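The values are calculated or read from the model by the stated rules, or taken from the named source; none is laboratory data. Everything quoted here is computed from the prediction, not taken from an experiment. Please note: Cβ atoms are built from the backbone with ideal geometry, for glycine as well, and neighbour counts cover all protein chains shown. For accessibility, only protein heavy atoms count, side chains too; no ligands or nucleic acids. Shrake-Rupley method; radii C 1.70, N 1.55, O 1.52, S 1.80 Å.
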Amino acid sequence: MAKKESSFVNMVLTLFVVTAVAALALGGVYSVTKEPIAIAKLMKTEKAISEVLPEFDNIQEYKILPEGGSDSLTFFKATKNGEEVGTAIKTYTDRGFSGRVWIMVGLNPEGVINNTAVLEHKETPGLGDKMDKAKSDWSNQFNGKNPTEFKLKVTKNGGDVDAITAATISSRAFCDAVQRAYNEFEKQDKR
Amino acid sequence: MNQLQNFTKGFIKDNPVFVLLLGLCPTLGVTTTAINGLGMGLATMFVLVMSNLVVSLIKNLIPDKVRIPSFIVIIASFVTIVELTMQAYTPALFEALGLFIPLIVVNCIVLGRAEAFASKNNIISSVIDGLGMGLGFAFALFLLGAVREILGSGAILSMKFIQGDGMLVFVLAPGAFIALGYLIAIMNRLKKTT
């Protein structure tokens, strides 16, 4: 078959057909994968909650817009046999090295950090991504600390947190996200 | 050129990274560990094979003046399909590579092969070319990733063999250039002797 001539009609038609087929294919794949993706995300959130909190049997979920924040935090208040065992807070920071970082922070009823889990980040692979438990145990230093006496700042800024080597900005971002969660938790507590 | 030569040229003679120096943006960005490099290489290979196949199929239906936009739409569609499928069925792999998948679109090697090879050759040759080039790319990324992981993190395939950090510069962008430079030099030396 001879090559099609580059006439105006041919070009418009070709581009239209190519983009239309691509759009159809993408729409199809999107609708097929939509549900599995949602399930995968939900599983991840649930897994993170169970990682950062002690055992629980019931969870109450609500959202709060933090002061000076552009997105809301999600609180997961966990109880066991009607007794409060802790709160998991899905928090974020925009101070990451490259974009927003989402973290799940588990606080016990007194406000002591039980555990943390990174949900989503775009930090440098090999450096900033050490905030993730899968990459290094850096974030374990937060466990069992109460932010009222444990200053959530890197040592360079006069805080108590040892920064990740060569990833001070990512470390600061992590602290910022935890601090934001703690501030909102405190406000809730006083109410 | 027979099909075997067509397949193997992507490894040494026309290796996309070491010889053609194409697709350096994802190359330098993702190769902080060997496994990241390998995953990115294989994902790119899939896109390369599929886009070569489709481009070769419809090469006569596309007028010359609009071939580049058409190729880009085709490539971008396959990349998005890979991204969505990975996200849905292999969330763990997506976790590690998710950031880099969209980068495949801007990888010159995919468009380069579509333009330079698939639009001029038949389907079988194009698919074999895509496979060979893709494997060559994956091999190069794996090698570069392994070198950077050993020097930068003191580990290989995430298994630590020294305590603490390695030479951090190799994890950062400058280290990628340094390691790539030396690998290219070694490849050139090897090619000279054979």
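Only protein heavy atoms count here, probed at 1.4 Å, and on that basis chains A and B bury about 2600 Å² of accessible area in total. Only Lys, Arg, Asp and Glu carry charge here, each on its Cβ (+1 for the first two, -1 for the last two); on that basis the range B:62-194 has a dipole of about 480 debye about its Cα centre. Find how many whole Å separate the alpha carbon centroid of the range A:124-174 from the alpha carbon centroid of the range B:96-143. Rounded to whole Å, the Cα centres lie 39 Å apart.
Under a Cβ-only charge scheme (Lys and Arg +1, Asp and Glu -1), can you give me the dipole magnitude of the range A:45-191 about the Cα centre, in debye to the nearest 20? Show your work: numbers first, answer last.
Values: 20 positive and 23 negative charges, 89 e Å.
Dipole magnitude for the range A:45-191 comes out near 420 debye.
Of the residues A:Gln188, A:Asn114, A:Trp138, the one whose Cα sits farthest towards the positive end of the charge dipole of the range A:46-191 is A:Trp138 (charges of +1 on Lys and Arg Cβ, -1 on Asp and Glu Cβ, taken about the Cα centre). Just to confirm, what accessible area per residue do you get for chain B at 1.4 Å probe, in whole Å²? Heavy-atom SASA per residue in chain B reads 44 Å². Helical runs assigned H by DSSP (4 residues or longer) give the protein assembly as shown a calculated mean residue ellipticity at 222 nm of -17500 deg cm²/dmol, each run adding -39500 (n - 2.57) before division by the residue total. Just so you know, the Cα atoms of the protein assembly as shown work out to an Rg and Dmax of 24.9, 78 Å.
Using a probe radius of 1.4 Å on heavy atoms only, what accessible surface per residue do you get for the range A:1-109? Whole Å² is fine.
Averaged over the residues of the range A:1-109, the accessible area is 60 Å².
The lysines within cross-link reach of B:Lys160, meaning a Cα-to-Cα straight distance under 24 Å and a gap of 8 or more places when in the same chain, are A:Lys122, A:Lys130, A:Lys133, A:Lys135. Within the range B:81-103, find all residues whose amide N lies under 18 Å from a label point positioned 7 Å from the Cα of B:Ala155 along Cα-to-beta-carbon. So the set is B:92-99.
Placing +1 on the Cβ of every Lys and Arg and -1 on the Cβ of every Asp and Glu, with nothing else charged, gives the range B:1-130 a dipole about its Cα centre of roughly 360 debye.
Are there trypsin sites (Lys or Arg not before Pro) in the range B:119-160 that DSSP puts in a loop and that have at most 12 other Cβ atoms within 10 Å, and which ones?
Passing both the DSSP loop test and the Cβ count: B:Lys120.
Between A:Ala25 and B:Phe177, the C-beta separation translates, for a Förster distance of 35 Å, into a calculated FRET efficiency of about 0.40. Step through the residues of the range B:23-29 one at a time and calculate ³J(HN,Hα) from phi using the Karplus curve (6.51 cos²θ - 1.76 cosθ + 1.60, θ = phi - 60°), rounding each to whole Hz and writing x for Gly and Pro. Those phi angles translate into x, 6, 4, x, 4, 6, x Hz. Each part reduced to its alpha carbon centroid, the range A:65-110 and the range A:7-32 end up 43 Å apart. Here's the picture: a label point sits 7 Å out from the Cα of A:Thr79 along the beta-carbon direction, and within the range A:46-69 the residues with their amide nitrogen under 15 Å of it are A:56-62. Which one, A:Leu13, A:Ser171, A:Ile37, projects farthest toward the positive side of the charge dipole computed for chain A from Cβ point charges (K/R +1, D/E -1)? Working it through, the farthest residue towards the positive pole turns out to be A:Leu13. Need one number: the % of Cα-Cα pairs in the range B:71-194 sitting beyond the 17 Å mark. The calculated P(r) of the range B:71-194 puts 70 percent of pairs beyond 17 Å.
Atom-type composition of the exposed protein surface of chain B places 74 percent of the accessible area on carbon and sulfur (1.4 angstrom probe). When chain A is treated as a Gaussian network with alpha carbon springs shorter than 10 Å, the biggest mean-square fluctuation among A:Asn146, A:Asn81, A:Asn108 belongs to A:Asn81. Extents of chain A, largest first, come to 77, 43, 31 Å (Cα atoms, principal axes, whole angstrom). Solvent-accessible area of the range A:48-189 (1.4 angstrom probe, protein heavy atoms only): carbon and sulfur portion equals 44 percent. Rolled with a 1.4 Å probe across the full set of protein chains, the surface gives A:Trp102 an accessible area near 40 Å².
Could you give the angle, 0 to 90 degrees to the nearest 10, between helix B:123-153's Cα long axis and the longest principal axis of the Cα atoms of chain B? On a 0 to 90 degree scale, this one is about 10. In summary, the lysines within cross-link reach of A:Lys41, defined as a Cα separation below 16 angstrom excluding same-chain residues under 8 places away, comprise A:Lys90. Projecting label points 7 angstrom from Cα along Cα→Cβ for A:Lys156 and B:Ile68 puts them 4.2 nm apart.
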